[in-house]
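What follows is a set of notes on a single structure, which appears directly below.
Taken together, the values in this text are just the output of simple stated rules run on the coordinates, not laboratory data. The model shown is predicted, which means the values in this text are computed figures rather than measured ones. Cβ atoms come from the backbone with ideal geometry, glycine included; neighbour counts cover every protein chain shown.
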Ligand code: UDX
């Protein structure tokens, strides 16, 4: 019996094609998942568009990289905005991706076990159908985000847009899905609603994937995972956080490591680390209020300000304001920063990767979400895991100063840190041998090995 199993395994197809979308928050978990699967003996091909490409040469010598020939240039992202860009990206890539798979099949003698694509790269399903290759979705955001997109995609947009004006409905919790409230279903910060709805309907309604992989742990999002398992009717594999299981350097920007030397000189747990992710842009006024609040808090701070991320321009007075206690970099080695003993808190936009990275290091957070799914992550951080506080409304220096003190100096912050350390242990245990995420990865491997 065992021999038969071994035989079947050795005959099983061993190549996985990964299809991420070209954003830092998506590419990173994809490469980490790729590493995990490669450690389990799979060969990995990464199919990527023309911009924001991962650098294959140094870090992933064992992977194959292919570029989709007809894919869109990065300038289209700026021109169209994220929703219209993604719709067009899929339209353009459908034929390109089919060509790419046809070539890979010739090259590798039909040895493709599965296409694993980002939920936003739904056009990959056409190639999977045509060549009869199994395909699986990998959602790099939270489970609750997919749940919320799913529910939204089934709504009558016009009716919901008017119903949600009712303040009671706004705050009402969606049944069994606390902290998801009806107000969270209405996308914010993503531009006009019609393209958002069009994109979500494409993602949800045309889905033919036979498995759903999600970068979360059941110790974080049990209720959403149960909901997904019931609703999607395909196996759901919560195998995250993938960055703990397999490190895969995939920074699209150059990391400035000088900040680690600066951190080495600071007192334990004294520093507030600030980063708003890979594509948010800030207004000058907001940046200056932040800088005033940070300076007035008297705590040291490390601030990531990406090149060009301040609308208008970098205010001259900023350098002077931060020079005493602060340190600014254009891009940091974030996981290393969060793991540094000097860091006492993380002021974040609550992108899902940043959220998971902070939890995995037991760092409490100040939440300043900008877009809808980040708001959901922030609701989890504040009201479910109780490891952070939210900054709401317009940023104002007094409010910033208080938030930093609450987190770093006050007893309240110490309690949050304790809870964050407990959560860290739970999450780490879930990816260790026998934990829920470890088992989910094992189950996924079995699924990939079944023809
Ligand atoms: C986007 C969306 O904004 C986010 O809400 C969604 O969950 C994923 O896609 P992004 O804004 O880039 O992502 O945020 P996030 O998910 O937090 O990912 C940022 C990544 O960049 C993290 O892995 C973080 O470690 C890394 N990073 C950030 C750095 O390596 N250095 C930095 O200085 C800042």
_Just checking: which of the helices (runs of 4 or more DSSP H) contained wholly in the range 48-155 hold 3 or more residues that are closer than 30 Å to residue 180 by Cβ and away from the ligand (no atom under 16 Å from the Cβ)?_
82-107, 143-153
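Yes or no: residue 231 in a loop (DSSP other than H, G, I, E, B), surrounded by fewer than 20 Cβ atoms within 10 Å (Cβ to Cβ) and in contact (Cβ under 8 Å) with a residue 60 or more places away in the chain?
No, not satisfied.
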*For residue 424, all conditions in the list (1) touching a strand residue (DSSP E or B) at 6+ places or on another chain (Cβ under 9 Å); (2) buried (at least 17 other Cβ atoms within 10 Å of the Cβ); (3) over 30 Å from residue 288 (Cβ atoms) hold save one; what is the number of the exception?*
(1)
*Can you tell me which residue within the range 335-354, out of those that are touching a strand residue (DSSP E or B) at 6+ places or on another chain (Cβ under 7 Å) and near the ligand (Cβ under 9 Å from one of its atoms), is farthest from residue 255 (Cα to Cα)?*
350
*asked:* Looking at the range 329-343, I want the residues that are under 13 Å from residue 262 (Cα atoms) and have a partner that is assigned to a strand (DSSP E or B) and within 8 Å of the ligand (Cβ to nearest atom) with Cβ atoms under 8 Å, at least 6 apart or on another chain. Which pairs are those?
replied: 329/304; 332/275; 332/304
*From the list 260, 328, 244, which residue is within 14 Å of the ligand (Cβ to nearest atom), surrounded by 18 or more Cβ atoms within 10 Å (Cβ to Cβ) and closer than 29 Å to residue 409 by Cβ?*
328
_Which residue is farthest from the ligand (Cβ to nearest atom), if the candidates are limited to the range 284-325 and must be assigned to a strand (DSSP E or B) and crowded, with 19+ Cβ neighbours inside 10 Å?_
301
*Looking at the range 263-281, which of its residues are in a strand (DSSP E or B), under 13 Å from residue 391 (Cβ atoms) and within 14 Å of the ligand (Cβ to nearest atom)?*
274
*Only residues that are under 13 Å from residue 21 (Cα atoms) and surrounded by 15 or more Cβ atoms within 10 Å (Cβ to Cβ): list them for the range 68-87, please.*
68, 71, 72, 77, 82, 83, 85, 86, 87
_Given the criterion in contact with a helix residue (DSSP H, G or I) (Cβ under 9 Å, 6 or more places away or on another chain) and not in a helix (DSSP H, G or I), identify the matching residue among 381, 389._
389
